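The values are calculated or read from the model by the stated rules, or taken from the named source; none is laboratory data. These figures come from a predicted structure and were not determined experimentally. Note: ideal-geometry Cβ built from the backbone for every residue, glycine included; neighbour counts use all protein chains shown.
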Amino acid sequence: MLKHSLAMLACAVAGLAQAPQWKMTWNDEFDGATLDRSKWVYVVGGNGFGNKELEYYTDRVQNLRLENGMLVIQALKEDYRGADGTERAYTSARIHSKGKFAQKYGRFEARIRIPYGHGIWPAFWMMGDGPLGWPANGEIDIMENIGREPSTVHGTIHGPGYSGANGIGAPFSLAAGERFCDDFHVYALEWEPDAIRWYVDGQQYHSVTPASLPGGAKWVFDHPFYLLLNLAVGGTWPGDPDATATFPQTMLVDYVRVYER
């Protein structure tokens, strides 16, 4: 009951779910004993995922479990050999809703407490559902953080001609001395046919429209997208872990909620 009271208070403060123009279409409060497999799919593997990541994603309880009404994603420093023969020095977890849930347009939000440490890369994001692959299907990063920037998160879109390091995004930073790892925050995205807006705790900090794209680039945010949550270790953007990245590293997700107008 305390968890739900706090969650509702956070929503009230941010002016979120109570807004009459939004109707919930999908959610996971993570109140069960195990991950709801009718909503989520585990990603298993350690191929770097195009980013030179260092972890092996598993479906073990050591890396992902439900505790106290929270989704716990935990990155461990350990020598691990996957069933495919890939060997890694870190393990973690990544899940998505592909094949279970996807939606075109709406409000997508999660209440998350992220970890801290150089080379640690938590994310709440979306991928376009379709046959064209990345980046033609599009990608929307609702929240990404790289551990060397404990006070900053990023919101970004990727598509054909504006992917990878050329993604169109913006940062949001807390007041001096505050860190995202010290508390839960609500990360949200509002997506309409010709506009996408990013929020932290109800405060808008970024928006894009078709006019934001490079000349000749295609707006590919007009079809359903599915959800992803993961905690990566290392990669070309965050860099490799250093002494500040003590393990285990833990990402806590209180809920994920999706709405439509």
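Of the numbered criteria (1) in contact (Cβ under 8 Å) with a residue 40 or more places away in the chain; (2) assigned to a loop (DSSP other than H, G, I, E, B); (3) surrounded by fewer than 18 Cβ atoms within 10 Å (Cβ to Cβ), the one TYR205 fails is (2).
Anything in the range 118-138 that is part of a strand (DSSP E or B) and farther than 16 Å from ARG107 by Cα? List them, or say none.
ILE120, TRP121, PRO122, ALA123, listed by residue number.
Evaluated against (1) of a type in the set (Asp, Glu); (2) at pLDDT below 95; (3) touching a helix residue (DSSP H, G or I) at 6+ places or on another chain (Cβ under 7 Å), ASP242 falls short on exactly one condition, (3).
A quick yes/no check of all residues on (1) without any contact (Cβ under 8 Å) to a residue 40 or more places away in the chain; (2) outside any loop (DSSP other than H, G, I, E, B); (3) within 17 Å of THR236 (Cβ to Cβ); (4) more than 17 Å from the chain's Cα centre (by Cα):
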{"residue": "ILE73", "(1), (2), (3), (4)": "no, yes, no, no"}
{"residue": "TYR80", "(1), (2), (3), (4)": "yes, yes, no, yes"}
{"residue": "TYR90", "(1), (2), (3), (4)": "no, yes, yes, yes"}
{"residue": "ARG107", "(1), (2), (3), (4)": "no, yes, no, no"}
{"residue": "ILE140", "(1), (2), (3), (4)": "no, yes, no, no"}
{"residue": "PRO150", "(1), (2), (3), (4)": "yes, no, no, no"}
{"residue": "THR156", "(1), (2), (3), (4)": "yes, yes, yes, no"}
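Count of the range 149-168 residues, restricted to those that are under 14 Å from MET126 (Cα atoms) and of a type in the set (A, V, I, L, M), is 1.
Being surrounded by 18 or more Cβ atoms within 10 Å (Cβ to Cβ) and at pLDDT below 95 holds for only one residue in LEU16, LEU6, and it is LEU16. Residues of the range 105-157 that are crowded, with 20+ Cβ neighbours inside 10 Å and of a type in the set (Lys, Arg): ARG107, ARG111. Residues in the range 166-193 that are free of Cβ contacts under 8 Å to residues at least 60 places away in the same chain and closer than 26 Å to LEU213 by Cβ: ASN166, GLY167, ILE168, GLY169, ALA170, PRO171, PHE172, SER173.
Of all the criteria given as (1) surrounded by 15 or more Cβ atoms within 10 Å (Cβ to Cβ); (2) at pLDDT below 95, the one not satisfied by ALA176 is (1). Do we find that TRP219 is in contact with a Leu (Cβ under 7 Å, 6 or more places away or on another chain), crowded, with 20+ Cβ neighbours inside 10 Å, touching a residue at least 12 places away in the same chain (Cβ under 8 Å) and of a type in the set (A, V, I, L, M, F, W, C) in this structure? Against the criterion (in contact with a Leu (Cβ under 7 Å, 6 or more places away or on another chain), crowded, with 20+ Cβ neighbours inside 10 Å, touching a residue at least 12 places away in the same chain (Cβ under 8 Å) and of a type in the set (A, V, I, L, M, F, W, C)), TRP219 does not qualify.
Applying a threshold of 7 Å to beta carbon distances and a minimum spacing of six or more residues, or different chains, the list of pairs starting in the range 233-245 at a residue that is among the aliphatic types (A, V, I, L, M) and ending at one that is surrounded by 13 or more Cβ atoms within 10 Å (Cβ to Cβ) and in a loop (DSSP other than H, G, I, E, B) reads VAL233/GLU53; VAL233/LEU54; VAL233/GLY119; VAL233/PRO241; ALA245/GLY117; ALA245/HIS118; ALA245/GLY119; ALA245/GLY147.
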